[in-house]
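This report refers to the structure that appears directly beneath it.
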Amino acid sequence: MKTPMKYQPNNRFAAILFCTFAFVASYIAAKNAPSANAHTNTLTTHATNAASVGIAEAHMIAYNPLAAVALADDKAALMAKGEKVYKGYCQTCHQANGQGLASVYPPVAASDYIKKNGIKDVALGVLWGRSGKMTVNGKEYNGVMAPIPSNYTDEDVAGVVTYVMNSFGNPGGIITTAEITKLRKAGKPKK
């Protein structure tokens with residue numbers, strides 16, 4: 001009995017054939033879907049908005065449009081998990097609406113700090129905490145944010161960071177569990 005052919009990156013013909021098949025299958029599925037426009041828009045949005053996905057995901061989407069659908073499902077799962085984590089832990093300080101508490105806890109809603117510093121910085125803050133002066137939306141804060149407790153998993157951290165980045169008027173983005181694990185393994189950044 002023959003073993004089915006496996007995808008090998010150095011086999012250019014197989015790679016081209018695989019990608020072509022995946023694209024055609026995605027196109028047919030999109031055309032036959034009841035909400036074809038919504039599906040096509042999801043593919044287009046995820047495939048072209050590299051700023052909202054990690055480099056690995058953008059590369060994967062470029063070669064396999066079906067990956068955009070999987071990524072959208074992953075984002076939805078991360079958002080659901082993240083909302084639970086936010087409501088169970090983060091909203092104590094940052095409040096349910098993300099507005100924070102005046103002079104004590106900075107807002108995560110429509111945050112110029114988040115927009116300027118990006119998803120990796122948000123993840124590092126959640127993982128390792130923050131202390132010292134920072135300016136958010138023109139207002140100075142000088143407090144301490146404790147790191148997320150150890151009972152929360154890397155998936156929980158990826159979820160809450162993705163949730164905050166895509167909620168409260170923030171710019172969007174996805175961070176994967178694998179990326180959080182890598183950040184955690186690298187250790188707390190030195191100042």
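The values are calculated or read from the model by the stated rules, or taken from the named source; none is laboratory data. Given the structure is predicted, the values throughout are model-derived calculations rather than measurements. All Cβ positions, glycine included, derive from the backbone under ideal geometry; neighbour counts span all protein chains shown.
Name the residues in the range 94-129 that are part of a helix (DSSP H, G or I) and without any contact (Cβ under 8 Å) to a residue 12 or more places away in the chain, would you?
K116, N117, D121
Looking at G132, G143, G169, which is the one that is exposed (fewer than 15 other Cβ atoms within 10 Å of the Cβ) and assigned to a strand (DSSP E or B)?
G132
Given (1) surrounded by 21 or more Cβ atoms within 10 Å (Cβ to Cβ); (2) part of a helix (DSSP H, G or I), where does I174 come up short, assuming only one miss?
The failed condition is (2).
Looking at the range 55-71, is at least one residue surrounded by 14 or more Cβ atoms within 10 Å (Cβ to Cβ), touching a Ser or Thr at 6+ places or on another chain (Cβ under 6 Å) and modelled with pLDDT under 90?
yes
Any residue at all in the range 179-186 that is within 15 Å of V85 (Cβ to Cβ), of a type in the set (A, V, I, L, M) and touching a residue at least 12 places away in the same chain (Cβ under 8 Å)?
yes
Can you confirm whether A146 is modelled with pLDDT of 95 or more and more than 23 Å from I174 (Cβ to Cβ)?
yes
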